[in-house]
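What follows is a short report on a single structure.
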Amino acid sequence: SRIFSRIRRWKSSGINAEYGGAPGADGQPGTDGIPGNDGAKGETGPKGERGAPGADGSDGAKGAKGAPGQKGLAGIKGQKGEKGISGEKGDKGNDGKCNIDDYSPCNCDTHVVTRHSQSVDTPDCPAEFTSLWSGYSLVFFEGNGYGLSQDLGDAGSCLEDFQLLPFMQCSASDVCRHGVRTDKSFWLGTNQGADFASKPMNNIDEILPHISRCRVCMGTKYIIARHSFKATAPACPADFSEIWTGYSYVMVTSSSTSGGGQDLSSAGSCLENFYIPTFIECLGRGTCAFYINNLDYWLAQNQETNQPGMWGMGNVYSGLNDILDQGVSRCVVCARNSL
């Protein structure tokens with residue numbers, strides 16, 4: 001702006017600018033201009049380094065009381081303490097009376113008996129016996145052609161859970177197999193009847209109605225079974241009371257060479273119902289069925305006959321009525337009276 005002003009002065013004074021003299025000295029710097037507008041916002045810079053940890057804050061207020069914790073595990077049993085000092089001698093007791101008739105021994109032994117209903121209903125325990133558990137009536141196992149029977153009067157014949165094959169086979173190579181096709185289990189049946197012509201059952205809802213229920217009971221009375229070899233049940237011995245009467249069951253055999261029997265003094269040898277067949281067979285392939293080549297054995301009645309050779313010929317009882325009236329022996333299960 002100063003240059004333009006000088007040129008105008010040259011023109012007004014008649015001096016030809018094109019042929020004018022040397023330029024004059026620079027004028028004084030002008031005053032600062034008005035501040036410009038703010039520039040646009042720059043891009044966000046990189047994240048700064050993490051600062052030093054701040055000082056600890058003041059303690060907060062005390063929290064509310066927590067809920068009680070779970071009970072801790074029992075501690076390890078401590079070592080046995082040293083023997084204490086002997087106590088003082090007690091006072092002399094009163095003189096006793098010597099009378100043998102006042103002696104009353106304690107019947108403190110406990111005895112276990114298992115009862116099988118041969119139905120889907122769980123049986124009751126005998127009087128003065130308490131229930132330990134209930135379950136399903138197992139007769140015997142068969143594995144690799146070998147059988148293991150269960151005394152139906154013992155607790156082992158009453159399994160709390162039902163499986164078609166409750167066991168597995170294990171080899172020395174740390175391998176176990178459950179449900180091998182050739183393994184079998186045999187269970188006491190019910191009054192549902194057997195259909196030998198039907199195909200094996202593989203539905204659990206169809207199988208369970210054919211499995212007898214049982215109960216394991218404990219009491220202080222000794223239990224025995226007695227067999228009459230007649231069509232009527234025998235009486236209990238002296239000092240024993242009747243629990244139930246039934247039919248004298250001896251043993252079972254499967255289609256192979258295995259089988260199992262009952263202790264004839266056990267309550268398991270006296271079944272309260274007579275059904276043929278008595279048991280149902282379950283296979284490792286997952287089926288259960290009644291097979292005509294599975295056999296039951298029962299004690300027979302002792303027919304009074306003097307005819308020579310009669311027993312060599314044998315007797316055949318055909319039909320349920322003949323079997324019950326002339327064939328199968330009766331029995332009774334008895335409990336010893338408390339002393």
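The values are calculated or read from the model by the stated rules, or taken from the named source; none is laboratory data. Everything numeric here is computed off the predicted structure, so don't read it as measured data. Because the Cβ atoms are built from the backbone with ideal geometry, glycine has one as well, and the counts that use them run over all protein chains shown. Ligands, DNA and RNA are stripped out before the accessible areas are found, and what is left, the full protein with its side chains, is counted by its heavy atoms. Shrake-Rupley method; radii C 1.70, N 1.55, O 1.52, S 1.80 Å.
Out of the residues in region 255-277 meeting the condition of being among the hydrophobic types (A, V, I, L, M, F, W, C) and under 29 Å from the mean Cα position of the chain (by Cα), tell me which one is surrounded by the fewest Cβ atoms within 10 Å (Cβ to Cβ). Quick ask: steps written out before the conclusion?
We begin by selecting, within region 255-277, every residue among the hydrophobic types (A, V, I, L, M, F, W, C); these are 264, 267, 270-271, 274, 276.
Then drop every residue that is not under 29 Å from the mean Cα position of the chain (by Cα), which leaves 267, 271.
Values: A267: 27, L271: 22.
Among those residues, the one meeting the criterion is L271.
With respect to the numbered conditions (1) open to solvent by 20 Å² or more (accessible area, probe 1.4 Å); (2) at pLDDT 95 or above, which one is the sole condition not fulfilled by V113?
Here V113 meets the rest and fails (1).
Within region 323-338, track down each residue that is in contact with a strand residue (DSSP E or B) (Cβ under 7 Å, 6 or more places away or on another chain) and of a type in the set (A, V, I, L, M). Let's see the steps before the verdict.
Restricting attention to region 323-338, the residues satisfying the condition of being in contact with a strand residue (DSSP E or B) (Cβ under 7 Å, 6 or more places away or on another chain) are 327-337.
Selection gives V328, V332, V333, A335.
Checking T220 against (1) at pLDDT below 95; (2) of a type in the set (S, T, N, Q); (3) crowded, with 21+ Cβ neighbours inside 10 Å, which test does it fail?
That leaves (3) as the condition not met.
Taking strands (runs of 3 or more DSSP E) that do not extend beyond region 147-215, which have at least 1 residues that are among the small types (G, A, S), at pLDDT below 95 and in contact with a strand residue (DSSP E or B) (Cβ under 6 Å, 6 or more places away or on another chain)?
Result: 184-188.
All but one of (1) assigned to a loop (DSSP other than H, G, I, E, B); (2) under 20 Å from the mean Cα position of the chain (by Cα); (3) in contact (Cβ under 8 Å) with a residue 60 or more places away in the chain hold for S137, so report the exception by its number.
Of (1) assigned to a loop (DSSP other than H, G, I, E, B); (2) under 20 Å from the mean Cα position of the chain (by Cα); (3) in contact (Cβ under 8 Å) with a residue 60 or more places away in the chain, only one is false for S137: (1).
Just give me the residues in region 116-130 being closer than 25 Å to N337 by Cα and either open to solvent by 60 Å² or more (accessible area, probe 1.4 Å) or charged (D, E, K, R) (or both), in sequence order.
We begin by selecting, within region 116-130, every residue closer than 25 Å to N337 by Cα; these are 116-117, 123-130.
D124, A127, E128, T130, listed by residue number.
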